[in-house]
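> There's a structure below that I have some questions on.
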Amino acid sequence: MNDVQLKNPMYAELDRVIDSYRDAKGPLIQVLHRAQEIFGYLPPEVQQFVSQRMGIPPSKVYGVVTFYNFFRTVPQGKHVINVCLGTACHVKGADRVVEILREELGIGIGQTTEDRQFTLSAVRCLGACGLAPVMMIDEEVYGKLDRAKIKHVLQQYAS
Amino acid sequence: MKPARSLVLIEIEEDSLLAGAKAVEQAFSDAIKEQGLDQEVRVAETGNLGIIGRGVVVVIYPEGTTYVGVTEADVPEIVSEHLLKGRPVKRLQVCLGPCMDREKAGIGLVRDQPRIVLKNCGIIDPENLQEAIGVGAYQALERVLTEEISPKSVIDEVINSGLRGRGGAGFPTGKKWSFTAPGDEKYLVCNADEGEPGTCKDRLILEGDPHRLIEGMILAGYAIGAKKGYIYIRGEYSLAIGRMEKAIEQARANDLLGEHILGSDIAFDIEIKKGAGAYVCGEETALIESIEGKRGYPRLKPPYPGQVGLRGKPTVVNNVETLANIAPIILNGAEWFRSFGTETCPGTKVYTILGHAATPGLIEVEMGTPLREIIYKYAGGIRDGKGFKAALIGGAAGAFVDEAGLDVGMDYDSLRDYSAVLGSGAILVLDEDASIVELLRGILNFFAHESCGQCATCRSGTGRLVDILDRFCSDGNEDDLDLLLRVARLMHEASFCPLGQSPVLPIESALRAFKQEFLDYTDVSMPV
């Protein structure tokens, strides 16, 4: 199974990543970070691969993947919108941001649009509280949101 | 290259980057070249200046003139007026007239702050080791090495300084170090998993003055006999991670980290571990589990990490702000440190002021400074001229303080006497229109989401708290509030770690000061 998988360049890259952590202590989380960068999410096959190559029981890999908010087990839209629901954003109207996005995209938190363009999810504090309310699309943070700004930002990503 | 006549410092951090700081920097470089000033004026990047929500911030030295909300379009004017003709652009300036001294730069937030931890943030280029050394980095380390100060003396100095852990609990740092069990293999862990909602003080240090943290870690490692240190940073802090990685490389290249630090026999090295988003990992034993690559379940204490920590070895876990205090203490002495703050809580504290404050931002003031002074002097009061209702101090695991608490000194002991906590130093200011009930619902949802699930008390309890308050909000009565308090108190007694023990703080304080608001509440249903 490994040989077949290794012909896939993504698995080959993950294989090299795991190799580079061979002498590191407790590298599972760091490897999963990289695996998610490569695959976009962590499906059972990838977890299985990590488990076999690192000699860690699959139950343990799955346990770690599901524990941390950062790791995903289902495919995401092309762009992931993380709306901050932390206290600072909450007071500045984060719930309205979610509502506007629901109206604009037709999806709620945890859902992906049918065209797989956007996934909407919630985070608890991005640490950009001075800009509240904020959302993060992929790696970009957008702050001081209102309806006009949200619409404008979404347009930049829609294609 | 001859020394520059003027220095243009551009604040590069997450907020200002969004406001277009990079474009402004480029515009400055271009305009300066265009005017033929590139031999006389240098453009450099710096870290967070502690000014939040004011767009791109630019400081021009030697005058120390501070401009806020600078856009690309403003740059030609600043260059031709200020740099060429020596006339500050008043419409963007936050201080009129020349200010040689940054402390007097005229911004409410910066003025009068006794800065120890943030001394260099926003003054130096955080990606440049020479600049850090120029303002005194690694002097404390040099002193320890040249004067052959023993590890025990370093610990004693920190004990005498009275420094207490800035992560929230306020445990004396020197004592924590001295409790470390003997052993050949020990670890130092810097907790930079800043997860308390509404807190970004550690990010400022990581992004603005990384070498101060590295020096503090080397000194701490030397004191406890650890040769290896880890910085556990939240995965979301990409700029901070990048800057720390760069600083660590620079330190290694200059023998400040490695097998023979500054040619001595002292060895110490630092590795960065990226967190993956779990609030509970702020708890030190959960953080250790996470570094080991496992789920972040807190461990049973005792044994404390000082005895059995990372990989079973004695380990000290310190907060970023705590470690950033070490070098100044070693360099200037415990007595000097004690001249700041109160008898039982010496030194300063960095606060993140957010919410409805007129000028939200990060400030560093002496321990014991009353909340009133922090909000009205440093944060400009309440925005839009509204009235003060309450402040949530210490994040989600914090307490509401109403008007009666405005004059309580902000330090570990005074706040505890007031049944509040200093916690991470987050201050969420709430104006008269804020809804305490909705805010509490948000906080309880947060705990339910972040409960790690290891112990039943917290796993079920956090969910029950949400259910009870939701029920109260839809068609409940006063009994629900009593039940809410009873469950939270039980969780305080029976939960395994501080996460489950914390909800009682916001609940109790909200009900103490704002019970009538709960009773008058009508549901406006909050989306979860």
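> In the range B:31-58, which residues are surrounded by fewer than 23 Cβ atoms within 10 Å (Cβ to Cβ) and assigned to a strand (DSSP E or B)?
Passing the criteria: B:41, B:42, B:43, B:44, B:45.
> Somewhere in the range B:466-488, is a residue within 14 Å of another protein chain (Cβ to nearest Cβ) and within 32 Å of the chain's Cα centre (by Cα)?
Yes: the range B:466-488 contains one or more residues that are within 14 Å of another protein chain (Cβ to nearest Cβ) and within 32 Å of the chain's Cα centre (by Cα).
> OK, next. Determine, yes or no, whether residue A:63 is outside the structural domain of residue A:101 (by TED's automatic domain parsing) and closer than 14 Å to residue B:293 by Cβ.
In short, yes.
> If you don't mind, there's one more thing I want to ask. Somewhere in the range B:253-275, is a residue within 22 Å of residue B:196 (Cα to Cα) and in contact with a Gly (Cβ under 6 Å, 6 or more places away or on another chain)?
Of the residues in the range B:253-275, the ones within 22 Å of residue B:196 (Cα to Cα) are B:272-275.
If we keep only those that are in contact with a Gly (Cβ under 6 Å, 6 or more places away or on another chain) as well, we get B:274-275.
There is at least one residue in the range B:253-275 that is within 22 Å of residue B:196 (Cα to Cα) and in contact with a Gly (Cβ under 6 Å, 6 or more places away or on another chain).
> Hey, among B:270, B:241, B:266, B:205, which residue is in a loop (DSSP other than H, G, I, E, B), touching a Lys or Arg at 6+ places or on another chain (Cβ under 9 Å) and among the β-branched types (Val, Ile, Thr)? Walk me through how you get there before you give the answer.
Details: B:270 fails: in a loop (DSSP other than H, G, I, E, B); B:241 fails: in a loop (DSSP other than H, G, I, E, B); B:205 fails: in a loop (DSSP other than H, G, I, E, B).
After ruling out the rest, the residue left standing is B:266.
> Which fully enclosed helices (runs of 4 or more DSSP H) of the range A:84-159 have 2 or more residues being more than 14 Å from chain B (Cβ to nearest Cβ) and surrounded by fewer than 18 Cβ atoms within 10 Å (Cβ to Cβ)?
On the way: elements: A:87-91, A:94-105, A:147-157.
The qualifying helices (runs of 4 or more DSSP H) are A:147-157.
> Taking helices (runs of 4 or more DSSP H) that fall entirely within the range A:1-62, which contain at least 2 residues that are closer than 30 Å to residue B:229 by Cα? Before the answer, list the steps.
Values: elements: A:2-6, A:9-20, A:28-39, A:44-54.
Qualifying helices (runs of 4 or more DSSP H): A:9-20, A:28-39, A:44-54.
> Hey, could you check the range B:208-234 for residues that are in a loop (DSSP other than H, G, I, E, B) and within 16 Å of the chain's Cα centre (by Cα) and say which is nearest to residue A:85 (Cα to Cα)?
Of the range B:208-234, the ones in a loop (DSSP other than H, G, I, E, B) are B:209, B:225-227, B:234.
Of the ones still in play, those that are also within 16 Å of the chain's Cα centre (by Cα) are B:209, B:234.
Numbers: B:209: 29, B:234: 17 Å.
So the residue we want is B:234.
> Can you name the residue in the range B:183-208 that is more than 14 Å from chain A (Cβ to nearest Cβ) and at pLDDT 95 or above and is also farthest from residue B:350 (Cα to Cα) among such residues?
My answer is B:186.
> Taking residue B:358, is it over 19 Å from the mean Cα position of the chain (by Cα), more than 24 Å from residue B:280 (Cβ to Cβ) and among the hydrophobic types (A, V, I, L, M, F, W, C)?
On the way: over 19 Å from the mean Cα position of the chain (by Cα): yes; more than 24 Å from residue B:280 (Cβ to Cβ): yes; among the hydrophobic types (A, V, I, L, M, F, W, C): yes.
Against the criterion (over 19 Å from the mean Cα position of the chain (by Cα), more than 24 Å from residue B:280 (Cβ to Cβ) and among the hydrophobic types (A, V, I, L, M, F, W, C)), residue B:358 qualifies.
Let's see how each residue does on (1) within 24 Å of the chain's Cα centre (by Cα); (2) over 25 Å from residue A:28 (Cβ atoms):
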{"position": "B:255", "(1), (2)": "no, yes"}
{"position": "B:265", "(1), (2)": "no, yes"}
{"position": "B:277", "(1), (2)": "yes, no"}
{"position": "B:289", "(1), (2)": "yes, no"}
{"position": "B:302", "(1), (2)": "no, yes"}
{"position": "B:313", "(1), (2)": "no, no"}
{"position": "B:336", "(1), (2)": "yes, yes"}
{"position": "B:339", "(1), (2)": "yes, yes"}
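> Of the residues B:472, B:496, which single one is buried (at least 19 other Cβ atoms within 10 Å of the Cβ) and touching an Asp or Glu at 6+ places or on another chain (Cβ under 8 Å)? Don't jump to the end; show me each part of the working.
Values: B:496 fails: touching an Asp or Glu at 6+ places or on another chain (Cβ under 8 Å).
The unique qualifying residue is B:472.
> A further question on this structure: Would a scan of the range B:387-395 turn up a residue that is away from chain A (no Cβ under 12 Å) and within 20 Å of residue B:439 (Cβ to Cβ)?
Our first condition is that a residue be away from chain A (no Cβ under 12 Å); within the range B:387-395, this holds for B:387-388.
The next check asks that each one be within 20 Å of residue B:439 (Cβ to Cβ); those that pass are B:387-388.
Within the range B:387-395, one or more residues are away from chain A (no Cβ under 12 Å) and within 20 Å of residue B:439 (Cβ to Cβ).
> What residue, among those in the range A:1-20 that are in contact (Cβ under 8 Å) with a residue 12 or more places away in the chain and not β-branched (Val, Ile, Thr), is nearest to residue A:68 (Cα to Cα)? Outline the logic, then answer.
Here is the first cut: in the range A:1-20, the ones in contact (Cβ under 8 Å) with a residue 12 or more places away in the chain are A:2, A:5, A:10-11, A:13-15, A:17-18.
Adding the requirement that they be not β-branched (Val, Ile, Thr) leaves A:2, A:5, A:10-11, A:13-15.
Working: A:2: 27, A:5: 26, A:10: 23, A:11: 22, A:13: 23, A:14: 20, A:15: 22 Å.
Ranking the candidates gives A:14 first.
> Give the residue, chosen from B:301, B:349, B:294, that is more than 27 Å from residue B:415 (Cβ to Cβ), of a type in the set (Lys, Arg) and either surrounded by fewer than 19 Cβ atoms within 10 Å (Cβ to Cβ) or outside the structural domain of residue B:224 (by TED's automatic domain parsing) (or both).
On the way: B:301 fails: more than 27 Å from residue B:415 (Cβ to Cβ); B:349 fails: more than 27 Å from residue B:415 (Cβ to Cβ).
Testing whether each residue is more than 27 Å from residue B:415 (Cβ to Cβ), of a type in the set (Lys, Arg) and either surrounded by fewer than 19 Cβ atoms within 10 Å (Cβ to Cβ) or outside the structural domain of residue B:224 (by TED's automatic domain parsing) (or both) leaves just B:294.
> Here's something else I'd like to know. Taking the range B:510-526 only, how many residues are surrounded by 14 or more Cβ atoms within 10 Å (Cβ to Cβ), within 14 Å of chain A (Cβ to nearest Cβ) and either part of a helix (DSSP H, G or I) or in contact with a Cys (Cβ under 6 Å, 6 or more places away or on another chain) (or both)?
Adding up the residues that qualify gives 1.
The values are calculated or read from the model by the stated rules, or taken from the named source; none is laboratory data. Here the structure is a predicted model, which is why all the values come from computation and not from measurement. Quick reminder, even Gly has a Cβ in these numbers, built from the backbone with ideal geometry, and neighbours come from all protein chains shown.
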